[in-house]
Amino acid sequence: MTTGSHLLAETPQVDLAVLAAEVDELEEYIIKGDVYRTLRVQTPSGIQMVQMSAGDLLTRLYRLEAVREQLSPEQRSRIKDLALAARSTIYSLRTRFHDLLKREIKTRLDSLNWFLDDVVGDPKRARVEYPFEIRNRQRIQLMAEELAEDLTPELKQQIARVDDRLRLIAKPAGFLWDNQLEPIFPRERFWYLYVSP
């Protein structure tokens, strides 16, 4: 089944430029404590306004590390350096970073719940908007994994409730996003990218 819309992959070059900007801002971002921060980033495709968040940083790092072997030695080295810098900053401000992750998970869960409330009874709209809205669930996945034992029972329950709601409207489908991303997001780990309302 086609969804009528899909999410295009960022190029590794764009992801690298954005990740570099996010890593440069990371310490200040964590200390300031706002869940979202707008960055103006010069990328190979021009200037982009990017909404930085802990979940976005983790997602870009995840995507780049997944395609690392396909990139040039210089790009691989840059990814390694950025990952080390990000991990060092996160480690030094772990409690604050984990607090930001918990707050971001909550906002993304709220967004998913609002989406599910809004599309009840409108399957066509649900199918069109789902590939974009489900980015929230993917980011929640990586943030929950980063939190590990610090993920609260309350947040675990809220994630499970959203997943139950998604399963109620979902039917099996092919990979929802750009096919280039499919190897990076396997079905076993990211099941919600292989279903559609």
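The values are calculated or read from the model by the stated rules, or taken from the named source; none is laboratory data. Keep in mind that what you see is a predicted model, and the values were worked out from it rather than measured. In this analysis, Cβ positions are derived from the backbone assuming ideal geometry, glycine residues included, and neighbour counts consider all displayed protein chains. For the accessible areas, the whole protein counts, side chains as well, though only heavy atoms, and no ligand, DNA or RNA atoms are used. Shrake-Rupley method; radii C 1.70, N 1.55, O 1.52, S 1.80 Å.
Worth pointing out:
- For the stretch 21-67, applying the loop criterion from DSSP together with a ceiling of 16 other beta carbons within 10 Å to the chymotrypsin sites (Phe, Trp or Tyr not before Pro) yields Tyr36.
- For the stretch 112-127, Karplus couplings with θ = phi - 60° (6.51, -1.76, 1.60), whole Hz, Gly/Pro x: 5, 5, 5, 4, 4, 5, 5, 9, 4, x, 10, x, 5, 4, 4, 5
- The order of Glu129, Glu145 by accessible area, most exposed first and with a 1.4 Å probe, is Glu145, Glu129.
- Taking amide H as placed 1.01 Å from N in the peptide plane, the amide H of Met52 sits under 5 Å from that of Arg37, Thr38, Leu39, each at least 5 places away or on another chain.
- Amide H within-cut-off set for Thr43, under 5 Å, with H built and near neighbours excluded: Gln48
- Two-site FRET efficiency, Asp110 against Ile184, from Cβ-Cβ distance with R₀ of 25 Å, rounded to 0.05: 0.40
- The alpha carbon radius of gyration of the chain, expressed as a multiple of 2.2 N^0.38 Å, is 1.04.
- Under Stokes-Einstein, with the Kirkwood radius over Cα pairs as Rh, the value for the stretch 83-170 at 25 °C and 0.890 mPa s is 174 µm²/s.
- Taking θ as phi - 60° and the Karplus parameters 6.51, -1.76 and 1.60, the scalar couplings of the stretch 36-49 work out to 10, 9, 8, 10, 9, 10, 7, 10, x, 9, x, 6, 10, 8 Hz in sequence order, x denoting glycine and proline.
- Carbon/sulfur fraction of accessible area - the chain, other protein chains in place, 1.4 Å, %: 50
- All-pairs alpha carbon distance profile, the stretch 136-197, 10 Å steps from 0, percent: 20, 50, 27, 3
- Computed from Cα atoms, the angle from the helix 153-169 axis to the main principal axis of the chain rounds to 50 degrees.
- Each residue of the stretch 10-26 was assigned a 3J(HN,Hα) from its phi angle through the Karplus expression (A = 6.51, B = -1.76, C = 1.60, θ = phi - 60°), giving 6, 6, x, 5, 5, 4, 5, 5, 5, 4, 4, 5, 5, 5, 4, 8, 4 Hz with x at Gly and Pro.
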